[in-house]
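Data block below; observations after.
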Amino acid sequence: MFGTDDQGRDLYSAILYGLRVSLAIGAGGVVLAALIGITLGLMAGYFGGRVDALIMRIADVQLTFPAILIALLINGIVQALTKGTSREAWAFGVLILSIGLSFWVQYARTIRGSTLIEKNKDYIHAARLIGQPTLVIMLRHLLPNVIGPTLVILSINMGLAIITEATLSFLGVGLPPTQPSLGTLISIGNKYLFSGDWWIVTFPGVTL
């Protein structure tokens, strides 16, 4: 349907497989980001004071760096620590970690703002009066009432996470060429763009 790639393999099948890989990395990255952000946002909003100030200052510092730069930094650190090990063994997990650590700030700030409002309501005061532990109050009472807005952020970040994975793989620091994703397919196709094999890069790009 889409022709063949540089090695004569069916490009349509490669795109389907690469899309599955990209979706898995994107989903894993945003779930990790949500877990980190929701946890830190709940702590910052509920405890306030120094805990809130510390977490929010870390978030402010991270916001000054583009997500792709943070992902490149994490990838470089892991690559230096695992020198001599095949990239195929750790590239998938590192991409998820990189995306998760790059996108958590939005979740943390959103959850913190909602928590600051909810923690002063009567049902939270009642839970404290009957002696429920702090962890139970945060998870059973606060979390269900503040998590709603993060679902919208999660759906938006899913697309951004896939683009981040594709960018890293295109730059050669994501998945290796032996593990096709949309990014690696575009990277391979880019080498043959001016030789007339335009479809190798066009169809993965349109899919992305």
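The values are calculated or read from the model by the stated rules, or taken from the named source; none is laboratory data. This one's a predicted model, so the numbers in the text were calculated from it and none came from an experiment. Backbone-built Cβ (ideal geometry, glycine too); neighbour counts: all protein chains shown. The protein model used for the area step is the full one, side chains on, heavy atoms only, and it has no ligands, DNA or RNA in it. Shrake-Rupley method; radii C 1.70, N 1.55, O 1.52, S 1.80 Å.
Let me confirm something: among L129, L160, L135, L151, which residue is in contact (Cβ under 8 Å) with a residue 24 or more places away in the chain and hydrophobic (A, V, I, L, M, F, W, C)? Walk me through it before giving the result.
On the way: L129 fails: in contact (Cβ under 8 Å) with a residue 24 or more places away in the chain; L135 fails: in contact (Cβ under 8 Å) with a residue 24 or more places away in the chain; L151 fails: in contact (Cβ under 8 Å) with a residue 24 or more places away in the chain.
Unique residue meeting the criteria: L160.
The condition (being part of a helix (DSSP H, G or I), in contact with a Pro (Cβ under 6 Å, 6 or more places away or on another chain), open to solvent by less than 30 Å² (accessible area, probe 1.4 Å) and touching a residue at least 24 places away in the same chain (Cβ under 8 Å)) is satisfied by just one residue among A14, A108: A14.
Only a single criterion out of (1) surrounded by fewer than 19 Cβ atoms within 10 Å (Cβ to Cβ); (2) over 16 Å from the mean Cα position of the chain (by Cα); (3) part of a helix (DSSP H, G or I) is not satisfied by K83, namely (3). Check region 120-131 and report whether any residue there is within 24 Å of A33 (Cα to Cα) and not small (G, A, S). The answer is no, given that none of the residues of region 120-131 is within 24 Å of A33 (Cα to Cα) and not small (G, A, S). Kindly indicate whether any position in region 194-208 is part of a loop (DSSP other than H, G, I, E, B) and either surrounded by fewer than 16 Cβ atoms within 10 Å (Cβ to Cβ) or touching a His at 6+ places or on another chain (Cβ under 8 Å) (or both). Yes. Among the residues examined, V94 does not qualify as in a helix (DSSP H, G or I) and modelled with pLDDT of 85 or more.
Condition check ((1) more than 30 Å from I186 (Cα to Cα); (2) among the polar types (S, T, N, Q); (3) free of Cβ contacts under 8 Å to residues at least 24 places away in the same chain) across all residues:
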residue: G18; (1), (2), (3): no, no, no
residue: I25; (1), (2), (3): no, no, no
residue: F47; (1), (2), (3): yes, no, yes
residue: L81; (1), (2), (3): no, no, yes
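In this structure, does A53 turn out to be at pLDDT 90 or above, surrounded by fewer than 20 Cβ atoms within 10 Å (Cβ to Cβ) and more than 15 Å from the chain's Cα centre (by Cα)? When the stated conditions are applied, A53 passes them. Which is in contact with a helix residue (DSSP H, G or I) (Cβ under 8 Å, 6 or more places away or on another chain) and on the phi > 0 side of the Ramachandran plot, of G131, G172? Going through G131, G172 in turn, the sole match is G172. Only one residue in L54, L142 is more than 30 Å from P180 (Cβ to Cβ), assigned to a helix (DSSP H, G or I) and either touching a residue at least 40 places away in the same chain (Cβ under 8 Å) or in contact with a His (Cβ under 8 Å, 6 or more places away or on another chain) (or both), so which one is that? From the options L54, L142, the qualifying one is L142. For region 140-152, the set of residues classified as under 18 Å from L32 (Cα atoms) and either surrounded by fewer than 19 Cβ atoms within 10 Å (Cβ to Cβ) or of a type in the set (D, E, K, R) (or both) consists of L143, I147, G148, P149, L151, V152, listed by residue number.
When region 119-139 is examined, which residues are found to be assigned to a helix (DSSP H, G or I) and surrounded by fewer than 17 Cβ atoms within 10 Å (Cβ to Cβ)?
Initial filter on region 119-139 (assigned to a helix (DSSP H, G or I)): 122-129, 134-139.
Of everything in region 119-139, those that are assigned to a helix (DSSP H, G or I) and surrounded by fewer than 17 Cβ atoms within 10 Å (Cβ to Cβ) turn out to be D122, Y123, H125, A126, R128, L129, T134, L135, V136, L139.
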